[in-house]
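Comments concern the structure below.
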Amino acid sequence: MLRRSLNPVAQDGFAVPTTLLMLIAAMGAVSVGVVASINTQRGTVRDQGSKSALQLAEAGVSEALLHYNRISTDQSHPCKPVTSTGPDAQGWCPAVTGTDVGGSYSYQVRATNFSFGLAGTLEIVSTGTTSNASGAGRRVYVRGQSASAQQIFSNYTVQMGDGIAMDSNAEIHSTAGTNGNFTLASNALQCGQASVGVGHSMTLTGNSQYHGDTGCLQSGTVNHDEIALPAVNQGDVVTNNDNGRLFGQDLISGTTNKVCFNGRRGDGSTGTCGARHLDLDSNTSVTLGGSKYSFCKLTMSSNTAIYIAAGATVSIYFDSPESCGYSNGVTQLAMDSNARITSTTGGAANASLLFVGSPSLQTNLLLSSNTNIGAACEQNFVVYAPRSAIEMNSNSTYCGAIAGRSLHMDSNARLYSSAAAAQFSIPATHAHFEVDRFIDCSAQSASPPSSGC
Amino acid sequence: MNAPALRDEHGFTLPELLIALVLSLMVVGTGVMVFSAAVHTQPEQQRRGEGIQQARTATERLTQEVRQGLSVPTATSNQLSIVTYVNSASCGGAASNSAIPCRVTYTCTAGSCTRVEALPNGLSPGPARTVVTGLTSSAVFSYLPSSANPKFVNMTFSFSAGNGDDSITVQDGATLRNAGTS
């Protein structure tokens, strides 16, 4: 009896303090892990929020681009694609807000550089704010450029996105700019103001020379200007064109069965050329009198020519390799053996070759034709191929303006510009803005919207 | 006379006390060991947390600079040189509210990475500033589709771990959004 009554007293003596000690020890051990975990989790939440906010900001940019690429605008209503209210004094349209997964976004746009009523530049500042615990926000600045109706060649009549390489006595007598490097070797000659990309340079080796004037008399300094070469928007030219004029109204000179287009020869027989492929062979020529043509490929060989009819202004659009069913590395323009494209009465701006190209499949242009017969210009046309690599060689002399992804000149090729080519405007189709600048802005919000970007 | 009272004064027996003492020592010892281990681990936990945070800050800055990059003049596993927009009044100078193109070079050697800002052509470099320490590998950068033509830059920061713990690896990457313009 007595033993039984004493036992609880004995147990009280060490159970309570021991339990307290254990609890304190356990809490201490757990709290270290909890604190460390909380710190890590806090960083994780902030990281997730930051990334989510960036995605939301980009959602705003995508929405703005989509609206401006689908809804036409003009100088009197620059905000029409996104809001009915006009812009402020600095040209910025009122903020447009929206929501997406994980938060909200707000963006403002400014359309500038109008030509023939079409904007050439679109600036977008978009802020994304996440709805998670971090409440993180990110602001981005995006600039888009459109080629439609723009005078692309006003600053430089030779423009290349990735770089210019000249070799073997090649000469450019024109202003020339690239966003990449400019390399001259083996007696190559650049006469005219040159520009290279930010962080890039001009390299002169093997007696090559650079002069700042087209007369090759003065020394020059190299600019670091930004070259914008937006993709070609061909509009509805694939279905609405003058291809039907071939060869009924646009007549062949020479043996008609040596000219082929769209699977048919000039004499009406079946040819081996593919869809929208114009193939001229051996001493033939075609005179184009329409205004818009849609080709997939143009091959000219052995003393062939394309003439532009008197008074005509011709734009030849070359469709994308995907639409034409071509594989990577296709040559969409090949001129060989004394081939020439020239206007019978007009200048270079009367004939333009516009290449849609592809962001994923490489396309090439080969201009080599041995036509250096002493005259100033055997070729008179404008080439705008911002996604294509251009190769010029074999003693050719070209007059006009050329833009591409890259240019390699070799074997005594010569390139001259003309005032008319410098004033050439890309045909005015619906604007298609292509992003050429992205900046992660520093501050959350600012006035004007692009401040801090 | 008072036999029951005398019997009440009986204490614990010696074996009971010894057993209670041994049990108490075991319990208290276990508690002390746990507490001691926690105190001992705390600095390591804090170091790991700081390492993760340091790596996060570095990757956030790097991904931002890569994302708005124009070109990559140098691309190796331990060095990334990128022409990108930087919020500076001049390359290597004081911070500014507007972005200008500068060449930023990250070099990772002997457990740490430094950052140098220079003119876009690489001239006039500013001072090297350490951005990450405690790395176990200097091979931080990898490139897609290739180092000769980098369009996507991947970065991996690996930190050592003590006491047999797993090492810390913080990984991120970004596409050069302005690569087509330069």
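All of the numbers you see were taken from the coordinates with simple rules; none came from a lab. Note that the structure is predicted; figures quoted are calculated from it, not measured. Cβ coordinates were reconstructed from backbone atoms using ideal geometry, including for glycine residues, and neighbour counts include every protein chain displayed.
What's the Cα-based Rg to Rh of chain A, Rh via Kirkwood?
1.25
In whole percent, what relative contact order does chain A give with Cα contacts below 8 Å and a gap of six or more residues?
Averaging sequence separation for qualifying contacts and normalising by length gives 15 percent for chain A.
Using the basic label-point model (7 angstrom from Cα toward the beta carbon), what is the A:T97 to A:D267 distance in nanometres?
Output for this residue pair reads 7.4 nm.
Please order A:D47, A:D74 by the number of other Cβ within 10 Å, starting at the fewest.
A:D74, A:D47
On C-alpha positions alone, give me the angle between the axis of helix B:14-67 and the longest principal axis of chain B, in degrees, nearest 10.
The angle comes out near 10 degrees.
Taking the Cα atoms of the stretch B:43-177, what is the range of coordinates along each of the three principal axes, in descending order and whole Å?
46, 34, 23
For A:T203 and A:V35, what is the calculated FRET efficiency with R₀ set at 56 Å and r taken between the beta-carbons, to the nearest 0.05?
So, using R0 = 56 Å, E works out to roughly 0.45.
Give the separation of the Cα centroids, the stretch A:236-266 to the stretch A:172-205, in Å.
Cα centroid of the stretch A:236-266 versus Cα centroid of the stretch A:172-205: 39 Å apart.
With Rg and the Kirkwood Rh both taken from Cα atoms, where does Rg over Rh land for the stretch A:62-159?
For the stretch A:62-159, the value is 1.06.
Can you tell me the equivalent ellipsoid semi-axes for the stretch A:158-422? Use √(5λ) from the Cα gyration tensor, largest first, whole Å.
Semi-axes from the Cα gyration tensor: 32, 19, 16 Å.
What do you get for the angle between helix A:2-70 and the principal long axis of chain A? Use alpha-carbon atoms, 0 to 90 degrees, nearest ten.
Between the helix axis and the principal axis of chain A, the angle is about 20 degrees.
Pull out the extension gain between A:N257 and A:H77, defined as 0.36 nm times the separation in residues minus the alpha carbon to alpha carbon distance; nm, one decimal.
Taking 0.36 nm per residue and subtracting the Cα distance, the gain is 59.5 nm.
Using alpha carbons only, how many angstrom separate the centre of the stretch A:81-113 from the centre of the stretch A:378-453?
Cα centroid to Cα centroid, the span is 29 Å.
Per residue of B:27-40, how many C-beta atoms from partner chains lie within 10 Å of its own C-beta, taken as a mean?
5
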